[in-house]
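Trainee: Below are the structure tokens for one structure; questions will follow.
The values are calculated or read from the model by the stated rules, or taken from the named source; none is laboratory data. Just so you know, these numbers come straight off a predicted model, no measurement behind them. When we count neighbours, we look across all protein chains shown, and the Cβ atoms used for this are built from the backbone with ideal geometry, even at glycine. Areas reflect the complete protein model, heavy atoms only, side chains present, ligands, DNA and RNA absent. Shrake-Rupley method; radii C 1.70, N 1.55, O 1.52, S 1.80 Å.
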Amino acid sequence: MAHRRAAFLLAVALTVLGLATTQAQLQNGFYKGKCGANDVEAIVQGVVKARFSREPAVVAHLLRLQFHECGVNGCDGGLLIDGPGTEKTAPPNLSVKGYDLIADVKTELEKRCPGVVSCSDIEILATRDAVRLAGGNAYTVRTGRRDRRQSKAGDVNLPGPESTVAQATAFFGKLGLGQMDMVLLLGAHTVGVTHCSAIKSSRLYSYGGKAGATDPNLDPYYAFVYKNYVCPNKPSTDNTVVFLDDQWSALKVDKSFYKMLQKRRGVLSVDQNLYGHGAPTRWMVDMLANTENFSWLFPQALVKLSEVNVLTGAQGEIRRVCNKFN
Ligand code: HEM
């Protein structure tokens, strides 16, 4: 009898211990009931909607921000920190925008329930809302992320615009994302811009390191227009802005990006490489261009990206302002 009671107590103790050590998880509607009578997700949506109506390009800023956030040590708010030597100061992040919107959302939330909603959750919720406003499908994201107490420029190792399919695949692989996820996520280049500096040497004037050579994978008409009108070969055009997708759909979340790749009109090498002859991703581009699957697969890929290496439970902190540690 004593034996059986001891075994029972041991079993109970192990169960309790097991539950206590189980890692906290992201949850649907994590903030329900945690901000008084306020609906956290509705507050985020309200701020994003107001901004989007004045500045539709905010969808591009936020999508890029989510990638540069989650692609470096996970979706942990590390990108938002100001100060010398933080992620924000690393070269690939110097042209990232959208920080002010995240700060605006945080201000609104802090007025209603201070110290409750993490900056990393705000990034993911705001991006989701902007995608919807720009014509993408609605989707649910789980919340409960916490903000990391660390942000180092030296950790930023994002792929460059000239990456091959193999290099890009390796990068996404390290985040736990597959090649299809990568092709879908690069579909974010359906919105936003780049600068002539990202394509001048690699695509227009010294393809393959050869002076005067133009990338043969670039549609000749586009090459002509870029070389003569948009990005002429002089330093003053380095900062000239070029749409990543065609100009008629440059701020719309749609599948047109893949159609452009089929026509050799992708702007960045990394994009056009997805449709290279013999590229393992070529059939994926065809599938996404020729069907309506992008509309529901893109949100799924964004959700996967939004859950890379998150902090939860008692890890990290809930920042009071997004650009400073507490
Ligand atoms: C191999 C991966 C990727 C590379 C090499 C890459 C590269 C680039 C480059 C060079 C720019 C232009 C920056 C500038 O000139 O200011 C850009 C812009 C952008 N990227 Fe990517 N990107 C990648 C993946 C992604 C992913 C996964 C997303 C989002 C899910 C994304 C979203 C965007 C957006 C929306 C813009 C436009 C930003 C704006 O107009 O404000 N990119 N990307």
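Trainee: Of the conditions (1) within 13 Å of the ligand (Cβ to nearest atom); (2) open to solvent by 20 Å² or more (accessible area, probe 1.4 Å), residue 205 fails just one. Which one is it?
Mentor: It fails just one condition, (1).
Residues are listed down the side, and each one gets a yes or a no for (1) touching a residue at least 24 places away in the same chain (Cβ under 8 Å); (2) touching a Gly at 6+ places or on another chain (Cβ under 9 Å):
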| site | (1), (2) |
| --- | --- |
| 42 | no, no |
| 50 | no, no |
| 58 | yes, yes |
| 63 | yes, yes |
| 74 | yes, no |
| 81 | yes, no |
| 96 | yes, no |
| 100 | no, no |
| 107 | no, no |
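Trainee: Also, I was wondering about something else. Only residues that are assigned to a helix (DSSP H, G or I) and open to solvent by 50 Å² or more (accessible area, probe 1.4 Å): list them for the stretch 225-250, please.
Mentor: Of the stretch 225-250, the ones assigned to a helix (DSSP H, G or I) are 225-230, 235-237, 247-249.
Across the stretch 225-250, the qualifying residues are 227, 228, 229, 235, 236, 247, 248.
Trainee: Moving on to the next point. Can you tell me which residue in the stretch 215-224 is nearest to residue 253 (Cα to Cα), limited to those that are under 30 Å from the mean Cα position of the chain (by Cα) and either aromatic (Phe, Trp, Tyr) or open to solvent by 40 Å² or more (accessible area, probe 1.4 Å) (or both)?
Mentor: Applying the first criterion (under 30 Å from the mean Cα position of the chain (by Cα)) to the stretch 215-224 yields 215-219, 222-223.
If we keep only those that are either aromatic (Phe, Trp, Tyr) or open to solvent by 40 Å² or more (accessible area, probe 1.4 Å) (or both) too, we end up with 216-217, 222.
Details: 216: 28, 217: 24, 222: 22 Å.
For the stretch 215-224, the residue satisfying everything is 222.
Trainee: Going by what's in this entry, would residue 110 be described as in the same structural domain as residue 124 (by TED's automatic domain parsing) and either more than 12 Å from the ligand (Cβ to nearest atom) or in contact with a helix residue (DSSP H, G or I) (Cβ under 7 Å, 6 or more places away or on another chain) (or both)? Even if it seems obvious, please write down each step before you answer.
Mentor: Details: in the same structural domain as residue 124 (by TED's automatic domain parsing): yes; either more than 12 Å from the ligand (Cβ to nearest atom) or in contact with a helix residue (DSSP H, G or I) (Cβ under 7 Å, 6 or more places away or on another chain) (or both): yes.
Here the answer is yes, as residue 110 does meet what is asked.
For (1) loosely packed, with under 15 Cβ neighbours inside 10 Å; (2) near the ligand (Cβ under 9 Å from one of its atoms), each residue gets a yes or a no:
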site: 138; (1), (2): yes, no
site: 145; (1), (2): no, no
site: 155; (1), (2): yes, no
site: 159; (1), (2): no, yes
site: 174; (1), (2): yes, no
site: 187; (1), (2): no, yes
site: 194; (1), (2): no, yes
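Trainee: Which residues, counting only those in the stretch 209-248, are within 17 Å of residue 193 (Cβ to Cβ) and of a type in the set (S, T, N, Q)? I'd like the intermediate steps shown before the answer.
Mentor: Let us first name the residues in the stretch 209-248 that are within 17 Å of residue 193 (Cβ to Cβ), namely 222, 225-226, 229-231, 237-248.
Answer for the stretch 209-248, where residues must be within 17 Å of residue 193 (Cβ to Cβ) and of a type in the set (S, T, N, Q): 237, 239, 240, 247.
Trainee: Further, regarding this structure: Answer yes or no as to whether residue 210 is open to solvent by less than 30 Å² (accessible area, probe 1.4 Å) and out of contact with any helix residue (DSSP H, G or I) (no Cβ under 7 Å at 6 or more places or on another chain). If you could, list the steps in order and put the result at the bottom.
Mentor: Values: open to solvent by less than 30 Å² (accessible area, probe 1.4 Å): no; out of contact with any helix residue (DSSP H, G or I) (no Cβ under 7 Å at 6 or more places or on another chain): yes.
Judged against the criteria, residue 210 is not a match.
Trainee: Okay, next question. Given the options 121, 181, 100, 104, name the one that is assigned to a helix (DSSP H, G or I), more than 28 Å from residue 35 (Cα to Cα) and among the charged types (D, E, K, R). Steps first, answer last, please.
Mentor: Numbers: 121 fails: more than 28 Å from residue 35 (Cα to Cα); 100 fails: more than 28 Å from residue 35 (Cα to Cα); 104 fails: more than 28 Å from residue 35 (Cα to Cα).
Result: 181 is the single residue among 121, 181, 100, 104 that is assigned to a helix (DSSP H, G or I), more than 28 Å from residue 35 (Cα to Cα) and among the charged types (D, E, K, R).
Trainee: I need a count of the residues in the stretch 287-298 that are surrounded by fewer than 23 Cβ atoms within 10 Å (Cβ to Cβ) and in contact with a helix residue (DSSP H, G or I) (Cβ under 7 Å, 6 or more places away or on another chain). Write out each step before concluding.
Mentor: Applying the first criterion (surrounded by fewer than 23 Cβ atoms within 10 Å (Cβ to Cβ)) to the stretch 287-298 yields 287, 289-293, 295-297.
Then drop every residue that is not in contact with a helix residue (DSSP H, G or I) (Cβ under 7 Å, 6 or more places away or on another chain), which leaves 289, 293, 297.
Matching residues across the stretch 287-298 total 3.
Trainee: Tell me yes or no: at least one residue of the stretch 148-163 is closer than 20 Å to residue 96 by Cα, among the small types (Gly, Ala, Ser), in the same structural domain as residue 63 (by TED's automatic domain parsing) and assigned to a helix (DSSP H, G or I).
Mentor: Yes, there is a match, as at least one residue in the stretch 148-163 is closer than 20 Å to residue 96 by Cα, among the small types (Gly, Ala, Ser), in the same structural domain as residue 63 (by TED's automatic domain parsing) and assigned to a helix (DSSP H, G or I).
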